[in-house]
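**Student:** I am attaching a structure below and will ask some questions about it afterwards.
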Amino acid sequence: MGSRTPLYTEHERLGARIVPFGGWDMPLHYGSQIEEHHAVRRAAGMFDVSHMQPVDIAGDGAKAFLQHLLANDVDKLKQPGKALYSCMLNERGGVIDDLICYWRGGEHYRPVVNAATADKDLAWMKSQAARFDVTVARRDDLAMVAIQGPRAREKTVPLLPPELREPSSALKPFFAAEHGDWLVGRTGYTGEDGFEVMLPADRAADFWRALYDAGVTPCGLGARDTLRLEAGMNLYGQDMDEQTGPLESGLGWTVALEPADRFFVGRHALEQRCASPDLPRFVGLLLTGRGVLRSHQPVLIDGRRAGEITSGGFSPTLQRSIALARVDAGIGDTCDVEIRGKPVPARVVRPPFVRNGEARIAL
């Protein structure tokens with residue numbers, strides 16, 4: 001049996017199919033993964049993401065510490081509440097984890113790391129914090145609920161604490177509002193508008209039930225994966241890992257090499273990779289033949305292996321098979337994918353495939 005979030009009994013009550021995920025017992029779906037996917041694209045769906053790990057970083061050296069720890073630069077955060085997406089790298093430039101970091105004002109920050117890597121991440125953070133005047137504290141007292149979709153804000157704002165309703169209704173994307181132990185970020189992992197809400201664990205079930213009564217559809221890990229794939233969003237452990245860096249994972253935009261005098265862990269390795277003419281590309285694939293794209297299937301050019309699918313599956317929105325893949329730099333507009341030993345044609349496209357409920361690629 002894995003760890004259980006504060007919402008586990010709610011998932012049982014709603015008849016969820018529970019599966020192990022990153023050491024946690026989590027809902028895969030509540031009956032129909034496809035219906036949950038469409039609910040997010042068309043209206044509003046909610047996800048229990050309490051297995052994610054908020055970490056509070058504070059102290060006079062908090063900013064300097066995060067500038068050392070992260071490939072992106074927290075100096076970009078000019079307004080309290082602003083959020084930043086970044087990778088946390090090892091010395092070789094591999095990705096220890098990807099995360100969102102919220103600036104809470106002053107020398108107070110809250111990164112949120114992935115469930116399966118939380119213990120590893122905390123150990124790494126604390127080892128790197130030794131020479132900085134900071135505290136690194138995991139917030140196991142918090143739960144997290146993501147509400148996503150075109151009607152997510154409409155459904156969510158009236159259910160927030162009164163002090164957060166007006167600030168949250170006016171939030172810009174990638175900003176957060178905070179009151180007490182509640183933090184509401186206009187962030188997500190689906191390619192739709194919405195919120196990720198951190199709140200006291202003992203308030204989570206009441207909030208979940210209120211959302212359900214307001215018509216928000218409970219969604220599991222299955223829909224979360226198809227939604228993020230359509231949105232062209234990476235999944236740690238599949239699209240990048242400790243042996244793979246952000247530059248070859250489509251995450252070069254999250255690396256801040258300026259200012260040139262900011263040292264961060266992994267910088268030297270990334271600078272060497274930047275100069276390589278053979279740096280792999282990270283692309284989207286749209287299958288034009290018959291079959292389903294899956295991770296680890298070889299990508300072929302003229303019969304020669306030229307890369308590999310990192311994430312793949314069927315897109316409920318597009319009704320086509322799509323994938324993310326790491327491929328040779330010289331790939332053109334078409335390729336083949338080896339499916340069950342046979343080459344099947346595919347188009348090379350630029351992710352995302354879907355955003356805000358609409359196709360972003362030509363079909």
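**Student:** Test residue 351 against the criterion of being buried (at least 17 other Cβ atoms within 10 Å of the Cβ), under 28 Å from residue 76 (Cα atoms) and not β-branched (Val, Ile, Thr), and give yes or no.
**Tutor:** Values: buried (at least 17 other Cβ atoms within 10 Å of the Cβ): yes; under 28 Å from residue 76 (Cα atoms): yes; not β-branched (Val, Ile, Thr): yes.
Answer is yes for this residue.
**Student:** Considering region 243-260 alone, what residues qualify as being farther than 12 Å from residue 73 by Cα and either assigned to a loop (DSSP other than H, G, I, E, B) or of a type in the set (Gly, Ala, Ser) (or both)?
**Tutor:** 243, 244, 245, 246, 249, 250, 251, 252
**Student:** Scan region 261-289 for residues that are basic (Lys, Arg) and in a loop (DSSP other than H, G, I, E, B) and report the count. Talk me through it step by step, then tell me what you get.
**Tutor:** If we filter region 261-289 for residues that are basic (Lys, Arg), which is where we start, we get 262, 267, 273, 281.
Next, from what is left, pick out any that are in a loop (DSSP other than H, G, I, E, B): 262.
Summing the residues that are basic (Lys, Arg) and in a loop (DSSP other than H, G, I, E, B) in region 261-289 gives 1.
**Student:** So, of the residues in region 1-41 that are within 21 Å of residue 231 (Cβ to Cβ) and of a type in the set (Gly, Ala, Ser), which turns out to be surrounded by the fewest Cβ atoms within 10 Å (Cβ to Cβ)? Explain how you work it out, then say what you get.
**Tutor:** To start, the set of residues in region 1-41 that are within 21 Å of residue 231 (Cβ to Cβ) comprises 21-22, 26-29, 32-41.
Add one more test, that the residue is of a type in the set (Gly, Ala, Ser), and what stays is 22, 32, 39.
Numbers: 22: 17, 32: 12, 39: 22.
The selected residue is 32.
Every residue, every condition in (1) closer than 23 Å to residue 195 by Cα; (2) among the basic types (Lys, Arg), yes or no:
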residue	(1), (2)
93	no, no
112	yes, no
120	no, yes
132	no, no
146	yes, no
165	yes, yes
175	yes, no
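**Student:** Can you name the residue in region 160-216 that is among the polar types (S, T, N, Q) and touching a helix residue (DSSP H, G or I) at 6+ places or on another chain (Cβ under 7 Å) and, of all such residues, is farthest from residue 143 (Cα to Cα)? Explain how you work it out, then say what you get.
**Tutor:** From region 160-216, those among the polar types (S, T, N, Q) are 168-169, 187, 190; that's our starting set.
Add one more test, that the residue is touching a helix residue (DSSP H, G or I) at 6+ places or on another chain (Cβ under 7 Å), and what stays is 168-169, 190.
On the way: 168: 18, 169: 21, 190: 19 Å.
Applying the filter and picking the extreme gives 169.
**Student:** Another one. Take the conditions loosely packed, with under 13 Cβ neighbours inside 10 Å, farther than 30 Å from residue 65 by Cα and touching a residue at least 12 places away in the same chain (Cβ under 8 Å) and apply them to residue 303. Does it pass? Steps first, please.
**Tutor:** On the way: loosely packed, with under 13 Cβ neighbours inside 10 Å: yes; farther than 30 Å from residue 65 by Cα: yes; touching a residue at least 12 places away in the same chain (Cβ under 8 Å): yes.
Criteria met by residue 303.
**Student:** In region 208-234, what residues are among the aliphatic types (A, V, I, L, M) and either touching a Phe, Trp or Tyr at 6+ places or on another chain (Cβ under 9 Å) or buried (at least 19 other Cβ atoms within 10 Å of the Cβ) (or both)?
**Tutor:** In the first step, residues of region 208-234 are kept if they are among the aliphatic types (A, V, I, L, M); the result is 210-211, 214, 216, 221, 223, 227, 229, 231, 233.
Once the filter is applied, which keeps residues that are among the aliphatic types (A, V, I, L, M) and either touching a Phe, Trp or Tyr at 6+ places or on another chain (Cβ under 9 Å) or buried (at least 19 other Cβ atoms within 10 Å of the Cβ) (or both), region 208-234 yields 211, 216, 221, 223, 227, 229, 231, 233.
**Student:** Among (1) in a loop (DSSP other than H, G, I, E, B); (2) in contact with a helix residue (DSSP H, G or I) (Cβ under 6 Å, 6 or more places away or on another chain); (3) not hydrophobic (A, V, I, L, M, F, W, C), where does residue 296 come up short?
**Tutor:** All conditions pass for residue 296, except number (2).
**Student:** Would you confirm whether or not region 329-350 contains a residue that is within 21 Å of residue 227 (Cα to Cα), modelled with pLDDT of 95 or more and touching a Pro at 6+ places or on another chain (Cβ under 9 Å)?
**Tutor:** Quick first cut of region 329-350, residues within 21 Å of residue 227 (Cα to Cα) only: 346-350.
Still in the running and modelled with pLDDT of 95 or more: 346-350.
Still in the running and touching a Pro at 6+ places or on another chain (Cβ under 9 Å): none.
No, there is no match, as no residue in region 329-350 is within 21 Å of residue 227 (Cα to Cα), modelled with pLDDT of 95 or more and touching a Pro at 6+ places or on another chain (Cβ under 9 Å).
**Student:** Next question. Could you look through region 256-298, keep only residues that are of a type in the set (D, E, K, R) and within 22 Å of the chain's Cα centre (by Cα), and pick out the one that is surrounded by the fewest Cβ atoms within 10 Å (Cβ to Cβ)? Write out each step before concluding.
**Tutor:** Of the residues in region 256-298, the ones of a type in the set (D, E, K, R) are 258, 261-262, 267, 271, 273, 278, 281, 290, 294.
Filter again for within 22 Å of the chain's Cα centre (by Cα), leaving 281, 294.
Numbers: 281: 16, 294: 14.
Among those residues, the one meeting the criterion is 294.
The values are calculated or read from the model by the stated rules, or taken from the named source; none is laboratory data. No experiment lies behind these values; they were computed from the predicted model shown. Heads up, the Cβs are rebuilt from the backbone with ideal geometry, glycines too, and the neighbour counts pull from every protein chain shown.
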